[in-house]
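The values are calculated or read from the model by the stated rules, or taken from the named source; none is laboratory data. No experiment lies behind these values; they were computed from the predicted model shown. Glycine also receives a Cβ, built like all others from the backbone with ideal geometry; neighbour counts cover every protein chain displayed.
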Amino acid sequence: MPRLCHTRDEVAREVALARGSGKQTGFVPTMGALHQGHLSLVRQAACENEFVVVSIFVNPIQFNNADDLRNYPRTITHDMALLSAVPCDVVFYPSESEMYPSAIEEKYDFGTLSEVMEGRFRPGHFNGVAVVVKRLFDIVNPRRAYFGEKDFQQLAIIKNLVSRLELPVEIRPCPTVRESDGLAMSSRNTRLHPSERAQAPFIYHTLKEAARMASMYSPADVKRKIEDIFNQNPAFKLEYFEIADARTLQSVDSFDHPDGVVACVAAFLGQVRLIDNLMICPPVSGAGHSA
Ligand code: AMP
């Protein structure tokens, strides 16, 4: 069983002890309600570091919808059981007042990176993410931190944060883990009714369809065709389907981009907002990492 820490001081002490005995720390920030996607990050962290810290904190300032925050699943007992079965040394499970003891003043500017897609539909979301991740990095002081490509834009934002502030942490992207029917694993999937759950793989199918169309049509045409496919399915309410440069996240008018081209989607299925993405044109080899 990993050690459960509630305060910054406890975690900082554990990490300092590990470092004192020559261990590097790998860090996996999460909001809990863990699934195999999260556990893949933890396993990757354990492969590359001798000491692994997972944080579980439902970060209120990254929610722009009060219902979403209230309904977000909280399953700490189950999470601890899952983390007992993987190599994990410390779980940091702070209270809100531990993370935010006083007024939050940090403001980050990610420019065009945060103006598109999630940034457009969830104002303030990425500032909330950046605030909590920066504070968690300050507390845990990891050598490497692990983020899922499932949240492609978030990964780009975190890389930008780290490079701009010159933080001494290496960001390690991890591939999206899917259910056998293609649905990207997500804590929010547990909120789907069985009939919705049965329809949910449609999102991944549209991404695959976009990849197939990429050899035949322009990005604008692919986008329009996929939007039409969504509009014909009454179960879904599409927020966006974008075809973007995998580094800048700006929409593209050709598929010829050295960092690759990614299709990103956000849609409501009933009350549940789901996001997913797929690299539909791979980066040209030697062009650095995509996100
Ligand atoms: P969350 O708890 O949703 O904030 O996610 C915590 C971390 O797990 C983030 O870096 C996510 O991108 C990552 N993650 C969530 N779902 C998946 C998945 N299906 N596959 C890989 N990583 C994931």
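What to note about this one:
- The range 18-55 - residue that is polar (S, T, N, Q) and within 15 Å of the ligand (Cβ to nearest atom) and, of those, farthest from Cys174 (Cα to Cα): Ser55
- Qualifying position, being within 14 Å of the ligand (Cβ to nearest atom) and in contact (Cβ under 8 Å) with a residue 12 or more places away in the chain, among Val116, Val58, Val90, Val140: Val58
- Residues being β-branched (Val, Ile, Thr), part of a helix (DSSP H, G or I), within 17 Å of Val265 (Cα to Cα) and within 14 Å of the ligand (Cβ to nearest atom) - total across the range 168-207: 1
- Residue in the range 146-168 that is β-branched (Val, Ile, Thr) and out of contact with any helix residue (DSSP H, G or I) (no Cβ under 7 Å at 6 or more places or on another chain) present: yes
- Looking at the range 82-151, the helices (runs of 4 or more DSSP H) lying wholly inside it that each contain 1 or more residues that are farther than 22 Å from His38 by Cα and among the basic types (Lys, Arg) sit at 118-121.
- Any hit, the range 235-245, residues being touching a Ser or Thr at 6+ places or on another chain (Cβ under 8 Å), aliphatic (A, V, I, L, M), at pLDDT 95 or above and not in a helix (DSSP H, G or I): yes
- Any hit, the range 101-108, residues being closer than 30 Å to Ser251 by Cβ, more than 16 Å from the ligand (Cβ to nearest atom), of a type outside the set (D, E, K, R) and within 19 Å of the chain's Cα centre (by Cα): yes
- Any hit, the range 208-229, residues being part of a loop (DSSP other than H, G, I, E, B) and in contact with a Gly (Cβ under 7 Å, 6 or more places away or on another chain): no
- Each residue in the range 160-181 was checked for being crowded, with 18+ Cβ neighbours inside 10 Å, out of contact with any strand residue (DSSP E or B) (no Cβ under 8 Å at 6 or more places or on another chain) and among the hydrophobic types (A, V, I, L, M, F, W, C), and 2 of them qualify.
Okay, residues lined up against (1) crowded, with 16+ Cβ neighbours inside 10 Å; (2) under 27 Å from Arg247 (Cβ atoms):
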| position | (1), (2) |
| --- | --- |
| Thr30 | yes, yes |
| Gln44 | yes, yes |
| Leu83 | yes, no |
| Val86 | yes, no |
| Ser102 | no, no |
| Ser114 | yes, yes |
| Val133 | yes, yes |
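- Selection count where residues are under 16 Å from Gly148 (Cβ atoms) and in a loop (DSSP other than H, G, I, E, B), scope the range 32-56: 4
- Positions within the range 57-71 being assigned to a loop (DSSP other than H, G, I, E, B) and modelled with pLDDT under 95, in sequence order: Asn64, Asn65
- For the range 93-113, residues that are touching a residue at least 60 places away in the same chain (Cβ under 8 Å) and either among the β-branched types (Val, Ile, Thr) or farther than 27 Å from Asp9 by Cβ (or both) total 2.
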